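Asker: Quick one: structure below, then a few questions.
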């Protein structure tokens with residue numbers, strides 16, 4: 001029996017997912033939001049639908065409220081946040097995420113830092129990228145640089161958000177996320 005190689009199974013149909021993109025920043029505007037724009041471009045180019053795109057200040061309460069609104073919206077399958085994952089005083093994205101998440105996906109942050117290490121070496125330890133699930137919605141917290149967003153999308157999310165990816169992917173789990 002031949003070994004199965006991870007990759008796209010063209011016999012399966014592509015299933016677009018609905019995403020919200022939120023940039024966490026005190027300084028970004030729609031004109032300067034290069035990280036959020038990178039995620040929007042990557043997601044739409046892959047065939048997904050971006051239904052929300054917002055900029056939220058580095059304020060834990062406001063970010064929690066935004067995440068709560070997104071996970072309560074039945075039209076949103078995935079939330080991609082960029083920014084606020086560092087270790088400075090204003091970086092509160094992981095804290096806000098942990099208040100909303102029901103289940104964390106530790107492997108996402110681990111894999112992101114492993115991929116990032118190849119490009120920026122030990123500086124990757126300054127990233128607190130993480131992911132999880134809340135009320136049937138996947139949430140991903142990415143660093144605020146366009147390069148980090150490209151790394152996360154190209155190295156992890158493009159395949160895990162593709163129902164054709166084998167041996168498994170997040171899309172095929174979506175119908176079961178609300179099981180109890």
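The values are calculated or read from the model by the stated rules, or taken from the named source; none is laboratory data. Predicted, not measured: the structure shown is a model, and the values here were computed from it. Don't worry about glycine lacking a Cβ; one is built from the backbone with ideal geometry, like all the others, and counts go over all protein chains shown.
Asker: Can you find even one residue in the range 21-30 that is over 16 Å from the mean Cα position of the chain (by Cα), surrounded by fewer than 16 Cβ atoms within 10 Å (Cβ to Cβ) and part of a strand (DSSP E or B)?
Answerer: Among the residues of the range 21-30, not one is over 16 Å from the mean Cα position of the chain (by Cα), surrounded by fewer than 16 Cβ atoms within 10 Å (Cβ to Cβ) and part of a strand (DSSP E or B), which makes the answer no.
Asker: Another question, then. Looking at the range 1-20 only, could you name the residues that are over 14 Å from residue 159 (Cβ atoms) and assigned to a strand (DSSP E or B)?
Answerer: 18, 19, 20, listed by residue number.
Asker: So which residues in the range 149-164 are crowded, with 19+ Cβ neighbours inside 10 Å and either modelled with pLDDT under 95 or in contact with a strand residue (DSSP E or B) (Cβ under 6 Å, 6 or more places away or on another chain) (or both)?
Answerer: Those that are crowded, with 19+ Cβ neighbours inside 10 Å and either modelled with pLDDT under 95 or in contact with a strand residue (DSSP E or B) (Cβ under 6 Å, 6 or more places away or on another chain) (or both): 149, 152.
Asker: Turning to a different aspect of this structure: Are any residues in the range 145-169 touching a residue at least 40 places away in the same chain (Cβ under 8 Å), under 20 Å from residue 11 (Cβ atoms) and not in a helix (DSSP H, G or I), and if so, which ones?
Answerer: Those that are touching a residue at least 40 places away in the same chain (Cβ under 8 Å), under 20 Å from residue 11 (Cβ atoms) and not in a helix (DSSP H, G or I): 161, 162, 163, 164, 165, 166, 167.
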